[in-house]
Amino acid sequence: MDGLARIWSAGDGVSRTVAALLLAMSVSAWVLILWKSWGLTRARRDLVRAVPVFWAAPDLHTGRTQLAALDREQVLVPMLDALLQQAVPGTLDAGSDAESRLTRLLRDALHRVLGQLQMGQVLLASVGSTSPFVGLFGTVWGIYHALLGISATGSISIDKVAGPVGEALIMTAAGLAVAIPAVLAYNVFGKWVSACEADLEGFAHDLREMALDKRAQARSREQDDGLRAS
C-alpha cells in the first residue's frame, strides 16, 4: 500500500490514469463476479428443483404456476410461455407449419435465456486479457520516469535505481491481481452456463415432444370421431 501511495503521489497524469483504470477494472470485475455467482447459483438450483415439479403437475396451467414459483431467475418460464404462445392471425407466423413454428419459438426463447445467463462474460474476458497489459504499461512508464529522474541527478547508485524501479513494478503486480480473479471466474461461469444450457436444451426438447404428442393425439381423436360419425 505504501508503494502504491508513493506511486500515486509521485506519478504524473499517465501513471495515475493507469492506476485508476486498474482500480475501476478490479471493482467492476468483482461486482460482476459476486452478482453472477449469486444469479447462476440460483439458476442451477432452480433447474434441479423446478423441472421435476413441472412434470409432476396434472396439467400445463398448474405446471406453469408451480414452475413460476420456483424459477427465480426466469430461465424456464420463458420457454413454457413460448410453447403456449398463440399465433397472430394473418401473419407468416400463423401460416407456417405448426411443428416448425414450435421449434422456432422454443429456439428463440432458449437463445434469450442463454443470453441472460451469459451476460457479463465479455466484460470478465476483457478485464482478464487486458489488465496485465495495462499494468505492464504502467510499469514501463514508471521505469521511464524513474530513469529520467536518476539521469537528472547525474549520479547512479543501486539504491536510487532499485527503489523507483521496484515501485514501478507494483503496477505489473496490480494488473495480474486484477486479471487472475477475472479469468478464473470467466472459466467457472462458462462451465456453469454450459451445464445450465444442457439442462435447458433438454427441457425445451421435452416440451416440444410433449406438444407434438398432444397434437397427434388430438388429430387421432378427431379422425376417430369422424369415422364414427360417418
Check your understanding: Is there any pair with a first residue in the stretch 176-202 that is touching a residue at least 60 places away in the same chain (Cβ under 8 Å) and over 26 Å from residue 105 (Cα atoms) and a second that is surrounded by 14 or more Cβ atoms within 10 Å (Cβ to Cβ) and among the aromatic types (Phe, Trp, Tyr) whose Cβ atoms are under 8 Å apart and which are 6 or more apart or on different chains, and what are they?
Key -> 181/30
Practice item. Could you please find all residues in the stretch 196-216 being exposed (fewer than 14 other Cβ atoms within 10 Å of the Cβ) and of a type in the set (Gly, Ala, Ser)? Key: 198, 202, 216
Exercise for review: Please verify whether the stretch 103-120 includes one or more residues that are of a type in the set (S, T, N, Q) and touching a residue at least 60 places away in the same chain (Cβ under 8 Å).
Suggested key: yes
**Study point:** Residue within the stretch 85-103 that is under 20 Å from residue 205 (Cβ atoms), surrounded by 13 or more Cβ atoms within 10 Å (Cβ to Cβ), aliphatic (A, V, I, L, M) and modelled with pLDDT under 90 present
**Key:** yes
Review point. Which of the residues belonging to the stretch 60-106 are out of contact with any helix residue (DSSP H, G or I) (no Cβ under 8 Å at 6 or more places or on another chain), under 21 Å from residue 213 (Cα atoms) and part of a helix (DSSP H, G or I)?
Key: 61, 62, 94, 95, 100, 104
**Study point:** Residue in the stretch 135-145 that is in contact (Cβ under 8 Å) with a residue 40 or more places away in the chain, over 30 Å from residue 167 (Cβ atoms) and surrounded by 12 or more Cβ atoms within 10 Å (Cβ to Cβ) present
**Key:** no
Exercise for review: Determine which single condition residue 79 fails, assuming it passes every other condition in (1) closer than 30 Å to residue 175 by Cβ; (2) out of contact with any Ser or Thr (no Cβ under 9 Å at 6 or more places or on another chain); (3) surrounded by 14 or more Cβ atoms within 10 Å (Cβ to Cβ).
Suggested key: (1)
Check your understanding: Can you name every residue in the stretch 32-67 that is under 30 Å from residue 185 (Cα atoms), crowded, with 16+ Cβ neighbours inside 10 Å and not basic (Lys, Arg)?
Key -> 32, 33, 39, 40, 43, 46, 47, 50, 51, 67
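The values are calculated or read from the model by the stated rules, or taken from the named source; none is laboratory data. Keep in mind that what you see is a predicted model, and the values were worked out from it rather than measured. All Cβ positions, glycine included, derive from the backbone under ideal geometry; neighbour counts span all protein chains shown.
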